[in-house]
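**Student:** First the structure, then my questions, so here it is.
The values are calculated or read from the model by the stated rules, or taken from the named source; none is laboratory data. Given the structure is predicted, the values throughout are model-derived calculations rather than measurements. Virtual Cβ from ideal backbone geometry, glycine too; neighbours counted across all protein chains shown. Remember, those area values only see protein heavy atoms, side chains included, never the ligands or the DNA or RNA. Shrake-Rupley method; radii C 1.70, N 1.55, O 1.52, S 1.80 Å.
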Number of protein chains: 2
Amino acid sequence: MLNKALREIPDELLINRRAFQGTPNQENDKIISFIREAILKCGLKDGMTISFHHHFRDGDYVVNMVVEEIAKLGIKDITICASSLGDAHDPIGKYIENGTITGIQTSGVRGKIGEAISTGKLKKTAIIRSHGGRVRAIEEGEVHIDVAFIGAPTSDPYGNARGIGGKSDCGVLSYSMVDAKYADKVVIITDCLVDYPNFPPSIQAVDVDYVVVVDEIGDPKKIVSNIIRLTSDPRELMMADYCTRIMVNSPFFKDGFSFQTGGGGAALAVNLLLRPYLEKAGIIMSFALGGITKPMCDLLDDGFVKCVVNAQAFDAGSIESIKNNPNHFEISTSQYANPRNNGALVNKLDFVILGALEVDVNFNVNVVTGSDGILRGAPGGHPDTASGSKCSIIVAPLVRSRIPTICDRVVTVTTPGEVVDVIVTDYGIAINPLRKDLIEALKDSKLPIYTIEELRDMAYEMCGKPEQLEFEDKVVAILESRDGSILDVIRKPKLYEI
Amino acid sequence: MLNKALREIPDELLINRRAFQGTPNQENDKIISFIREAILKCGLKDGMTISFHHHFRDGDYVVNMVVEEIAKLGIKDITICASSLGDAHDPIGKYIENGTITGIQTSGVRGKIGEAISTGKLKKTAIIRSHGGRVRAIEEGEVHIDVAFIGAPTSDPYGNARGIGGKSDCGVLSYSMVDAKYADKVVIITDCLVDYPNFPPSIQAVDVDYVVVVDEIGDPKKIVSNIIRLTSDPRELMMADYCTRIMVNSPFFKDGFSFQTGGGGAALAVNLLLRPYLEKAGIIMSFALGGITKPMCDLLDDGFVKCVVNAQAFDAGSIESIKNNPNHFEISTSQYANPRNNGALVNKLDFVILGALEVDVNFNVNVVTGSDGILRGAPGGHPDTASGSKCSIIVAPLVRSRIPTICDRVVTVTTPGEVVDVIVTDYGIAINPLRKDLIEALKDSKLPIYTIEELRDMAYEMCGKPEQLEFEDKVVAILESRDGSILDVIRKPKLYEI
């Protein structure tokens, strides 16, 4: 046959192939004015799954705006697959009660959403995943996202979106990169439209279907609310000193080591306390990973670490740093922590310093359920970094509000004890017996080393052994391990009244 | 049941899910010493497809090294899916003859490979694709790459690879990004191993299986052989002047316009000739796309364009620029030109200036077969940019070596006339009658405007009408349109003797 370019194409080639039919017109317009229109154009229907990121943390407006429009349209039975949810999303509680939202998959749950899940109001069993577990589940197809709604501080009209610029600066859009690649439809929601091309893009226009421009995507004050100040609490400084001495005396303290510290007071202080040891030993660290804070960026500026690799900006200082320091890099959460790709950055971590709500005598850590059994936390990158790093250090006071932190059995296992190496409390430290290398390395360190059972006994002596929480049989949430298997289940606490 | 963390998991949850079984050890070592070992570890077998990029152009050693090892192992019936192949790959000719290589999918074919295909020695029909067409075919699953072999100027031991650094600097690794994401196995081949993390990576470690360190991946002199000098040929300068005046008089010459120029003498000169017009009109261009050359980078340095977006570095100057200018960005070929994603950069091009071997009276362009009908060219980004841009300008001398460039019918259609807007020759220009807007805009421009038939007649008058080439029925290659349909077929020329 003759094709549209008037060339003779033999019929036998056209069994599995088409002949050229001409060049289609390109649709270049992605801008739409209302979230409602985006929802309709994406064909969102009952039973579908939508996704969000949590880079705007307590300042986020996007989740509530989108779900409100979905509810107004009468669409029901929606599952939210978010990188995390927090107090900003309390209004979602009522949409759980009215059946608009029937499934929640997230790292963090707090406030009204945590209560709604814990009290059994969510129709489907919630799924709690680590950051690495979420990106794995999406990349492996265990979760299919129908429509991703991605709040972006800046976007051009074609959907190249960035975490910086505009009035709702959040530094990076790492959590959303996988959503943009895997969701059927991708909607950018921005309050700052910029000229094409908005480069280098965190989210690429090639993945974006629509761009919605709204007045405000968040409250800038709450997006970077926690201008982190270094602790002056002597108890925290003491724990930071223990952490630092554990690091310095371990076999991994050598030129080119890598580290991650969370946002807790003691963890942050480690960034400062490390400096004299680095100077004395002439050591330059290879990379700082995270969850990035200003103290880590200061180490970069001062030449103590070669680069900072950022999957989430925790404070204003880290956002300034990624704008200005060419050795401060944005990564996807797949690069950060997916346990099933060919090698995430967490696998290359030497040290990570993390917090805990509870730790039990098997070194299991709980960072997700409170002492009342209610969901009010987030595994985040905790299991990912503990698992990937050569030395994971958990910092927590021995007792909090007369409740022992070290106990016989945590309410929920969010990080299995087999990947938890050292527990640091204000009354002493305990090394996981599996880590004979660390026990040997620290034996002459003059650190106050106890067994985990001794720490538990001290805590119980101070507060008494707490009564065991009671739960109903109903499982309200599954706590997934990084690889998708069931690490623990969360049941509805007994006698709980809202 | 009790899982490995000693938590009770209800059986009813374990119908579609597994219980936690413990944390596997991570395999962190990807370094291997020999290409042969990489081939074996990847499980390469008869009939599989392997891929390569052409960022090292005439200096590439990688394709030949890999195919030689495959041949030594006795593996047969391999298809090469390369972004392009060139004269550096003449040794592949003998592996086509001995059945090691039986399929070739590429943009460019030259030298011995072109001859082998044209003379019917390749067992399977070759497939010629544009750069955008290749990435589309991979992303849509029309081609499945079993093993991607990616030559990289630098890599860390975990496979974070970059186009810059080391001794075989090629600027970017854009063509390989899709291979890294879609191939079953990915092998980085480098001659410069650097410390982890090699950031920001062009190819991410998360996609890489093995890293092979060899002595040399290419000949640096030939990788950037064409230190492009601006033409002093008055015929080329005249054509450049025509191009520039077409641009300036078109409706698209306004603040924020975008452009791409190829590596030809006239096209390059346009970068210089544009300057006074930009200055006079107070116009700053938004982006330069390509195939990047130093004259485009000079426009960036001098503030005439806001950013340079690079899918291939054509010369040493462009490599220096991407290292040093923060507004010079590397992109994937999916971002560059995939016609089927949600919007490549070519769709946002205002102007593109391209070359041609032949143009016919239907404005069809041939850039792939010579006047003897033998394959010796590459569609490259030609059909992508012509199709995406608002104004595509083809520059070619009216006659080359006594062969008319403008003719009744091109040997092969590589870019369909419907997306070709203006033909510029040294004897005058022709505007595609479809582009009434351009005809109107240029009618008072004093440019020497003819019909395409008049240009053809001039050419035929000078050289005589060339005899029609004769072909056998056998189709040796399919010329795919950007969307995968058959734009044209390439047949075996009659009476061809090697």
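**Student:** Using only protein heavy atoms and a 1.4 angstrom probe, determine the accessible area buried between B and A, summed over both sides, in Å² to the nearest 100.
**Tutor:** Buried area between the two chains comes out at roughly 5900 Å².
**Student:** Moving to a separate point now. Hey, for residue A:24 with labels 7 Å out along Cα-Cβ, what do the inter-copy distances come to in nm, ordered shortest first?
**Tutor:** Result for residue A:24, in nm, nearest copy first: 3.9.
**Student:** Rounded to the nearest 0.05, what FRET efficiency is calculated for residue B:408 and residue B:272 with R0 set to 35 Å and r the Cβ-Cβ distance?
**Tutor:** Between residue B:408 and residue B:272 the formula returns 0.50.
**Student:** In addition: Scanning chain B for helices, which whole DSSP H stretches are 18 Å or more long along the axis (Cα) and average -0.5 or more by Kyte-Doolittle?
**Tutor:** Qualifying helices, which must be both long enough and hydrophobic enough, are B:234-249, B:265-281.
**Student:** Report, in whole Å, the centroid distance computed from the Cα atoms of region B:448-494 and region A:189-217.
**Tutor:** The two parts, judged by their Cα centres, are 43 Å apart.
**Student:** When you have a sec, figure out the Kirkwood radius of region B:266-336 from all distinct Cα pair distances and drop it here in Å to one decimal?
**Tutor:** 12.2 Å
**Student:** Specify the inter-centroid distance of region A:150-169 and region A:266-281, based on alpha-carbon positions, in whole Å.
**Tutor:** One Cα centre to the other: 35 Å.
**Student:** For region B:254-371, with only Lys/Arg (+1) and Asp/Glu (-1) charged at the beta-carbon, what is the dipole magnitude about the Cα centre, in debye rounded to 20?
**Tutor:** 260 debye
**Student:** Roughly how big is the protein assembly as shown's charge dipole about its Cα centre, with Cβ charges of +1 (Lys, Arg) and -1 (Asp, Glu), in debye to the nearest 20?
**Tutor:** 240 debye
**Student:** Taking each pair of different alpha-carbon atoms in the protein assembly as shown once, compute 1/r for the pair, average those values, and report the inverse of that mean as the Kirkwood hydrodynamic radius in Å to one decimal.
**Tutor:** 30.4 Å
**Student:** In peptide A:19-29, how many Cβ atoms from other protein chains are near each Cβ within 10 Å, on average?
**Tutor:** 5
**Student:** Would you mind calculating the relative contact order of region A:148-292 from Cα pairs under 8 angstrom and at least 6 residues apart, reporting the percent as a whole number?
**Tutor:** 21 percent
**Student:** When only Cα pairs under 8 Å and 6 or more residues apart are kept, what is the percent relative contact order across region B:234-277?
**Tutor:** Value for region B:234-277: 53 percent.
**Student:** Could I ask something else about it? Taking the Cα centre of chain A as origin, work out the dipole magnitude from +1 charges on Lys and Arg Cβ and -1 charges on Asp and Glu Cβ, in debye rounded to 20.
**Tutor:** Magnitude of the dipole: close to 200 debye.
**Student:** On to the next question. Using label points projected 7 Å from each Cα along Cα→Cβ, tell me how many nm separate residue A:462 and residue A:123, to one decimal.
**Tutor:** A separation of 4.6 nm, rounded to one decimal place.
**Student:** Where Rh is the Kirkwood radius over the Cα pairs of region B:95-184, the temperature 20 °C and the viscosity 1.002 mPa s, what D in µm²/s does Stokes-Einstein return?
**Tutor:** 144 µm²/s
**Student:** Given points 7 Å out from each Cα along the Cα-Cβ axis, report the residue B:241 to residue B:1 separation in nanometres with one decimal.
**Tutor:** 8.3 nm
**Student:** Please find the FRET efficiency linking residue A:12 to residue A:232, where r is the Cβ-Cβ separation and R0 is fixed at 56 Å, and quote it to the nearest 0.05.
**Tutor:** 0.10
**Student:** Next up: Please work out the C-alpha center-to-center distance from region A:129-144 to region B:351-416 and express it in whole Å.
**Tutor:** Using only Cα atoms to place each centre, the spacing works out to 47 Å.
**Student:** Computing the accessible area with a 1.4 Å probe over protein heavy atoms, can you report the carbon and sulfur percentage for the protein assembly as shown?
**Tutor:** The nonpolar share, carbon plus sulfur, comes to 49 percent.
**Student:** So what is the 222 nm mean residue ellipticity for chain B from helices alone, if each DSSP H run of at least 4 adds -39500 (n - 2.57) and you divide by all residues, rounding to the nearest 500 deg cm²/dmol?
**Tutor:** -7500 deg cm²/dmol
**Student:** Which of the lysines could be linked to residue A:222 by a straight reach, that is with a Cα gap under 23 Å, when you skip same-chain ones fewer than 8 residues away?
**Tutor:** Straight-distance partners of residue A:222: A:94, A:112, A:167, A:294, A:323.
**Student:** Per Stokes-Einstein, at 25 °C and 0.890 mPa s, what whole-number D in µm² s⁻¹ belongs to chain B, with the Kirkwood radius over Cα pairs as the hydrodynamic radius?
**Tutor:** Taking Rh from Cα pairs, D becomes 103 µm²/s.
**Student:** So, one more: Which residue is it, in chain A, that holds its beta carbon closest to the axis of the A-onto-B rotation, and how many whole angstrom away?
**Tutor:** Residue nearest the A-to-B axis, with distance in whole Å: A:326, 4.
**Student:** Taking a point 7 Å out from Cα toward Cβ as the label site, list the nm distances between residue B:123 and the same residue in every other copy, smallest first.
**Tutor:** Those label-point separations list as 5.6 nm.
**Student:** Can you sort B:1, A:458 by solvent-accessible area, 1.4 Å probe, largest first?
**Tutor:** B:1, A:458
**Student:** Between the DSSP loop rule and a limit of at most 10 other Cβ atoms within 10 Å, which GluC sites (Glu not before Pro) in region A:1-110 are left?
**Tutor:** Within region A:1-110, the qualifying GluC sites (Glu not before Pro) (loop, at most 10 other Cβ atoms within 10 Å) are A:27.
**Student:** Another question about this same structure. Can you list the copy-to-copy distances for residue A:440, using a point 7 angstrom from Cα toward Cβ, in nanometres, shortest first?
**Tutor:** For residue A:440, the inter-copy label distances come out at 8.4 nm.
**Student:** Residue A:455 accessible area, nearest 10 Å², 1.4 Å probe?
**Tutor:** 0 Å²
**Student:** Between residue A:98 and residue B:46, what's the calculated FRET efficiency when r is the beta-carbon distance and R0 is 56 Å? Round to 0.05.
**Tutor:** About 0.40, to the nearest 0.05.
**Student:** Let me ask something else. Specify which residue in the list B:10, B:166, A:463 is farthest towards the positive end of the charge dipole of the protein assembly as shown, using unit charges on the beta carbon of Lys, Arg (+1) and Asp, Glu (-1), about the Cα centre.
**Tutor:** B:10
**Student:** Oh, and also: Using Cα pairs closer than 8 Å and at least 6 residues apart in sequence, work out the relative contact order for chain B, in percent.
**Tutor:** 14 percent
**Student:** Gain in length, residue A:36 to residue A:219, computed as 0.36 nm per residue apart minus the alpha-carbon separation, to one decimal in nm?
**Tutor:** 63.7 nm
**Student:** Quick one: grab Rg to one decimal and Dmax as a whole number for region A:1-82, Cα atoms only, in Å.
**Tutor:** 21.9, 63
**Student:** Can you tell me the accessible area per residue over chain B, all protein chains present, probe 1.4 angstrom, in square angstrom?
**Tutor:** Here the per-residue accessible area is 37 Å².
**Student:** Can you give me the P(r) profile for region B:248-406? Cα pairs, bins 5 angstrom wide beginning at 0, each as a whole percent.
**Tutor:** P(r) over region B:248-406, rounded to whole percents: 2, 9, 18, 21, 20, 15, 10, 5, 1, 0.
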